[in-house]
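Below: one structure in structure tokens.
The values are calculated or read from the model by the stated rules, or taken from the named source; none is laboratory data. The structure displayed is predicted, hence computed values, not measured ones. Here the Cβ positions follow ideal geometry from the backbone for every residue, glycine too, while neighbour counts run over all protein chains shown.
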Amino acid sequence: MIQVCQNSSLWWHTWITNRGTRRSDGGRQYGWAMITHIGTAMFYVSDQEESLRFYRDILGFSVVTDQDMGGGARWLEVAPPGGSTTIALHDAAADGKLPGDGAYLTFACDDVARTVDELRAKGAQVTDPDEQPWGTFAFVEGPDGHRVQIHRK
């Protein structure tokens, strides 16, 4: 049972103690996670159809949401197969943004060299793989200057 206290730290400790589950290290942990993963990254684009073709047809992403927002606006989200994080390809002009604004993303893959070959075969502009002690990576040029990285640690 949680007791209401005026001291917010004491209330928090009481909630954790009474609500939580015991961990193997003897500490307490709550039974739910406030934040579980990154949901959506926003890319501002000049042409949603061109961006959709790039992410769907070249990178192999799936369309997660494609909905009319009214007033000529469109909510368009794509994600890699099996991915829980989506990319919203949002019309830059609708929000007073510039094409190319938004997140900088790194996509994980199993084999950078093979992925580079596959992307080039589909017409993508991709740098050669760069092998470093911390991992191998390459950059893929997307529409509107969105440069994404593919990597393997």
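Restricting to the stretch 64-84, give me the number of residues that are surrounded by 13 or more Cβ atoms within 10 Å (Cβ to Cβ) and not aliphatic (A, V, I, L, M).
7
Hey, among the residues in the stretch 45-62 that are within 17 Å of Asp101 (Cβ to Cβ) and not polar (S, T, N, Q), which one's surrounded by the fewest Cβ atoms within 10 Å (Cβ to Cβ)?
Taking the candidates together, the pick is Glu50.
Quick one: count up the residues across the stretch 18-58 that are within 14 Å of the chain's Cα centre (by Cα), hydrophobic (A, V, I, L, M, F, W, C) and at pLDDT 85 or above.
Looking only at that region, the number is 3.
Thr14 is checked against (1) over 19 Å from the mean Cα position of the chain (by Cα); (2) modelled with pLDDT of 85 or more and fails just one. What number does that condition carry?
The failed condition is (2).
A further question follows. Filter the strands (runs of 3 or more DSSP E) completely within the stretch 36-121 down to those with at least 2 residues that are touching a strand residue (DSSP E or B) at 6+ places or on another chain (Cβ under 6 Å) and in contact (Cβ under 8 Å) with a residue 60 or more places away in the chain. Working first, answer last.
Numbers: elements: 40-45, 62-70, 73-79, 86-91, 106-108.
Result: 40-45.
Take the conditions of a type in the set (A, V, I, L, M), assigned by TED's automatic domain parsing to the domain that holds Ser51 and without any contact (Cβ under 8 Å) to a residue 40 or more places away in the chain and apply them to Ala124. Does it pass? Full working, then the answer.
Numbers: of a type in the set (A, V, I, L, M): yes; assigned by TED's automatic domain parsing to the domain that holds Ser51: yes; without any contact (Cβ under 8 Å) to a residue 40 or more places away in the chain: no.
Answer is no for this residue.
Tell me yes or no: at least one residue of the stretch 116-137 is surrounded by fewer than 14 Cβ atoms within 10 Å (Cβ to Cβ), within 21 Å of Val63 (Cα to Cα), modelled with pLDDT of 90 or more and not acidic (Asp, Glu).
Yes, the stretch 116-137 contains at least one residue that is surrounded by fewer than 14 Cβ atoms within 10 Å (Cβ to Cβ), within 21 Å of Val63 (Cα to Cα), modelled with pLDDT of 90 or more and not acidic (Asp, Glu).
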